[in-house]
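Asker: Here it is: the structure, laid out below.
The values are calculated or read from the model by the stated rules, or taken from the named source; none is laboratory data. Everything numeric here is computed off the predicted structure, so don't read it as measured data. Methodologically, a virtual Cβ is constructed for each residue, glycine included, from the backbone with ideal geometry; neighbour enumeration extends over all protein chains shown.
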Amino acid sequence: MIYYAPTTLKEFNKYCQAHDNISILAGGTDILPRWQSDSSIKPKVLVDIKKMNELNSIQYSDKEIIIGALTTIQELKIDPIIQQEFSALSQSAREFAGVQIRHRATIGGNICNASPAGDLIPSLYVYNAVIEIAGSKGKKRISIQKFITGVGQTALKKDEIVINIILPKSNEKSIFYKLGLRQSMAISVINFAIAYELDGNGRWKSLKIAAGSVAPTVASLTTFANALCDGNNVDESIQLVDNDISPIDDIRASSNYRRSVLKNVLKFTIKEIYVG
Ligand SMILES: Cc1cc2nc3c(=O)[nH]c(=O)nc-3n(C[C@H](O)[C@H](O)[C@H](O)COP(=O)(O)OP(=O)(O)OC[C@H]3O[C@@H](n4cnc5c(N)ncnc54)[C@H](O)[C@@H]3O)c2cc1C
C-alpha cells in the first residue's frame, strides 16, 4: 500500500490527479476496523488528510457557521457557539462513542461513511447543512440530502474531498435523541433530530424532523412534520411517520421495534416542546 499525507489542498489535488483508486483516511475510526475485519478491501493508495490544517477550523459569521471536515467530535462537543445555536449537533457529539473515539473521529468521516445510523447526520439534515467539496475541477456546494445517496454511498467523485460543512444560522431551536442498546459506546438503534420555531402563540412556525437507522439514508419526516404545522394533533398524526421510513431487522433491533420506539419517543418529545 502507498501512503501519502498531503499538508495542503493543492498537494491533495495534484496527487489525486496523478493516482487512481485512492482512499481517504481521516480519523480512521470507521475505515481501520473495516480493514481489520476484511483485509481484501485495503486500498492500493491511502491518502491521510489529517495534516491538512486548512480543513481543521470552525469559522463563525452572522449568517452561517463553517465547520472544517477534520473537526473532531470532541471539538464539536465543546464548542460554545455550537452548544448555544446548534444544540442538536452538540448533543449528538456528547452522546457519540467514548472519549478516545471522540478525539479521533471527524465530522467529515461521519458524513462520508454515510451510515444510516451516523449520529451527526440527522442534525445536519434539519439544519439544511451544505457540504463543500473540492476536486480537480474546483470547489462546489451540495445539500447534505443530495450528498448522501445510499447506505455507505455519497455523491463524491473519485478525486474529490469534503472540505467544509456549512450550517446556515436561524432562530430555530433543536434537539437530538439517541437510543442505543446501552448508555454509551453504542450504535444507534434509532436516533432523530428536531429543529423548530414556535410563534408568539406557541404554535409551529417551522418544524423539521430527521431520523436515523430507520431507512437506507437518514429520513426526513416531512409528512408528519407538515401535518403538525397544519394544526393536526400529534396523536392523530403520528402514524404518518410510517410514510417516510422503511426500517430493517438487524442484530440490534427488529423493524417493528424501530417503528414503534421512534413513534413513541417522537410523540413524547413533540408534546414536551409544543404548548399550542
Ligand atoms: C468504538 C467505536 C464507536 C463508535 N461510535 C459511534 C457513535 O456513537 N456514533 C457514530 O455516528 N459513529 C460511531 N462510530 C463510527 C465512527 O467513529 C464515525 O463514523 C466517525 O465520525 C468517522 O470519522 P473518521 O474521521 O474516523 O472517518 P474515517 O474512518 O477516517 O473515514 C470514514 C470514511 O469517510 C471517508 N472520508 C473521511 N473524511 C473524508 C473527507 N474529508 N472527504 C472525503 N472522504 C472522507 C473515508 O475515506 C472513509 O470512507 C464509532 C466507531 C468506533 C470504532
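Asker: Residues that are away from the ligand (no atom under 16 Å from the Cβ), closer than 26 Å to G98 by Cα and aliphatic (A, V, I, L, M): does region 145-166 have at least one?
Answerer: no
Asker: Under 7 Å by Cβ, and 6 or more places apart or on different chains, what pairs join a residue from region 201-217 that is over 28 Å from A117 (Cα atoms) with one that is part of a loop (DSSP other than H, G, I, E, B)?
Answerer: The qualifying pairs are N201/G276; G202/V275; G202/G276; R203/G276; K205/D199.
Asker: Does T106 satisfy the condition of being touching a Gly at 6+ places or on another chain (Cβ under 6 Å), of a type in the set (V, I, T) and surrounded by 13 or more Cβ atoms within 10 Å (Cβ to Cβ)?
Answerer: In short, yes.
Asker: Being surrounded by fewer than 18 Cβ atoms within 10 Å (Cβ to Cβ) and either hydrophobic (A, V, I, L, M, F, W, C) or modelled with pLDDT of 95 or more (or both): is that true of A193 here?
Answerer: Spelling it out, it is not the case that A193 is surrounded by fewer than 18 Cβ atoms within 10 Å (Cβ to Cβ) and either hydrophobic (A, V, I, L, M, F, W, C) or modelled with pLDDT of 95 or more (or both).
Asker: I want to confirm something. Restricting to region 168-190 and keeping residues that are under 22 Å from V99 (Cα atoms) and among the basic types (K, R), which single residue is surrounded by the fewest Cβ atoms within 10 Å (Cβ to Cβ)?
Answerer: R182
Asker: Among the residues of region 136-150, write down those that are in a strand (DSSP E or B) and surrounded by fewer than 18 Cβ atoms within 10 Å (Cβ to Cβ).
Answerer: G138, K139, K140, R141, I142, S143, T149, G150 - these are the residues of region 136-150 that are in a strand (DSSP E or B) and surrounded by fewer than 18 Cβ atoms within 10 Å (Cβ to Cβ).
Asker: Which residues, taken from region 224-262, are under 15 Å from A193 (Cα atoms) and surrounded by 19 or more Cβ atoms within 10 Å (Cβ to Cβ)?
Answerer: F224, A225, V241, I245, L262
Asker: Do you know which of the residues in region 9-45 that are more than 17 Å from V162 (Cβ to Cβ) and among the small types (G, A, S) is surrounded by the most Cβ atoms within 10 Å (Cβ to Cβ)?
Answerer: Residue satisfying both the conditions and the ranking: A18.
Asker: Being assigned to a loop (DSSP other than H, G, I, E, B) and polar (S, T, N, Q) is the filter; apply it to region 231-276 and report the residue that is nearest to L221 (Cα to Cα).
Answerer: S246
Asker: Condition (residue is of a type in the set (V, I, T), assigned to a helix (DSSP H, G or I) and within 23 Å of the chain's Cα centre (by Cα)) applied to region 179-189: is it met by at least one residue?
Answerer: Within region 179-189, none of the residues are of a type in the set (V, I, T), assigned to a helix (DSSP H, G or I) and within 23 Å of the chain's Cα centre (by Cα).
Asker: Which of the residues that make up region 12-60 are farther than 19 Å from T72 by Cβ, among the charged types (D, E, K, R) and touching a residue at least 40 places away in the same chain (Cβ under 8 Å)?
Answerer: Residues satisfying the conditions are D20, K42, K44.
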